[in-house]
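Just so you know, all these numbers are worked out from the coordinates, no wet-lab data involved. Predicted model, so just to flag it, every value in this text is computed and none were measured. Backbone-built Cβ (ideal geometry, glycine too); neighbour counts: all protein chains shown.
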Amino acid sequence: MSSTITEGARPDDARRHNRGAVLRRLHLAGPCTRAVLATELGLNRSTIKAVVDGLADSGLVSERLPTRRSGAGRPSLLVVPSPQAALVLAVDIRVDRVAMALFGLGGEILGRLSWRLGPGAASPRDVITRILESAVVLASEFPLPVVAAGVSVPGVVRNADGLVRDAPHLGWVDVPLGEQLSAGLRVPVTVANDAELGALAELTRGVARGVADVMFVAGDVGVGGGVILGGNTMRGAGGYLGELGHMVVRPDGQECHCGCQGCWETEVGAHALCRALDLPLNIGRGELFAELRELGDDPAAALDRLADYTGWLGLGLVNVVNLFAPQLVVLGDLFAALPEPVLDVVATRVHQRSMVSRALGNTHVVRSEMGRDAHLVGAAELAFSPILEAAVG
């Protein structure tokens, strides 16, 4: 991270830039001393003192002694982001459940709740009503109000206003989710595709920290992708980038709900995984994850039972790597739960069959370590972004 600004910048611009750099560093990387801030951001001690003092006066940070001491002498104080100085709400809407969490400055989860979506319970009206009611419950324990919200949805979302253009597995078409939640919560609400937010989560707090070019590929009922190039989220026209599941990989394959035949998600989505394991298509996610964990104890059986599935997963990822040339591919949701031997085979095939991977010296394929929290974390960071900008004004 660098705090370098253009030479000759106005003092107010320089102060705002430095204040933003310090606050963002503390928010994303956690507490550290003033000396560490000065070293990492390339600022002198007097500048760091002025910035930290200003942030403390605003209630955004505090200073405290470290819990563990090392060496002799008085330990340096840690500069710590104040969690309750800025609260944001994160919402993760999935096919089978909705999860919500309240995040404080610094990324700490201060409260959470979730509920299952049974058959017929995923209507936009019912989901929005429950979110609004649950937000009141989550925020009731804190003196300061929620200042923004981020929402993850498994579908095509218009970036400008949070209109859910199409979320086929929810049965939603043209749902003004951002507008309705903003009106109900009375705070700015930003809505984005779930895979896009998974990519943002991995970039800011996950296995992709410090990596400029990243693909987050997640499998559930459908398959989606989030793209980070040059450290920036790629959204495409209207915000509709990332529908990787509808890349046709098998023209003579199964019919997809989108109207095409042989889309990638028909070969590697949740239903395809259930077929490969001889499980009911309507099996609960908990049971499916348990089956994958058990299968992981028998590598030979895992490779045998998932041989075809592994082939289709590898084929799609080769296409993705050749197209976007990422340094790192992060697998999320069901893909992250696949047995280790399966992922090893997939990673090897990506390296061997992708021209881009060979040219780069190997594109690494890793599993997400965030579990089912990736979309929540990404939604929170989406909500925090304008808050951090406003806080430095």
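Packing, as the average of other Cβ atoms within 10 Å across residues, places the peptides 375-382, 38-45 in the order 375-382, 38-45, highest first.
Add +1 for every Lys or Arg and -1 for every Asp or Glu among the other residues with Cβ under 15 Å from the Cβ of ASP252, and state the total. So the environment of ASP252 carries a net charge of -2.
Taken over the chain, the convex hull of the Cα atoms encloses 172 Å³ per residue. Against the main long axis of the alpha-carbon atoms of the chain, helix 340-353 sits at an angle near 90°. Once both axes come from the Cα atoms, what is the angle between helix 11-29 and the longest principal axis of the chain, in degrees from 0 to 90, rounded to 10? Long axis of 11-29 versus the principal axis of the chain: about 50 degrees.
Towards the positive end of the charge dipole of segment 209-369, with charges on Cβ (+1 Lys, Arg; -1 Asp, Glu), say which of ALA212, GLY311, ASN282 has the farthest Cα. Looking along the dipole axis, the top candidate is ALA212. About its Cα centre, segment 11-81 has a charge dipole of approximately 280 debye under the convention of +1 per Lys or Arg Cβ and -1 per Asp or Glu Cβ, with nothing else charged.
Which percentage, to the nearest 5, of the DSSP beta bridges contained in the chain is antiparallel?
Numbers: 37 of 58 bridges.
Bridges in the chain are about 65 percent antiparallel.
Relative to one another, the C-alpha centroids of segment 37-59 and segment 309-377 are positioned 40 Å apart. With R₀ fixed at 51 Å, the C-beta to C-beta distance from ASP161 to ARG74 puts the FRET efficiency at about 0.45. Relative to the Cα centre, the charge distribution of segment 188-285, modelled as +1 at Lys and Arg Cβ and -1 at Asp and Glu Cβ, gives a dipole magnitude of about 280 debye.
With a/c under 1.5 counting as rounded, go ahead and sort segment 262-383 into rounded, prolate or oblate using the C-alpha gyration tensor (a ≥ b ≥ c being the square roots of the eigenvalues; past the cut-off, prolate if a/b is larger than b/c, else oblate). Note, shape of segment 262-383 comes out oblate.
Roughly how big is the chain's charge dipole about its Cα centre, with Cβ charges of +1 (Lys, Arg) and -1 (Asp, Glu), in debye to the nearest 20?
Working: 35 positive and 42 negative charges, 316 e Å.
The calculated dipole for the chain is roughly 1520 debye.
Neighbouring Cβ atoms within 10 Å as the yardstick, rank PHE324, PHE216 fewest first. Walk me through the intermediate numbers first.
On the way: PHE324 19, PHE216 33.
By the 10 Å Cβ count, ascending: PHE324, PHE216.
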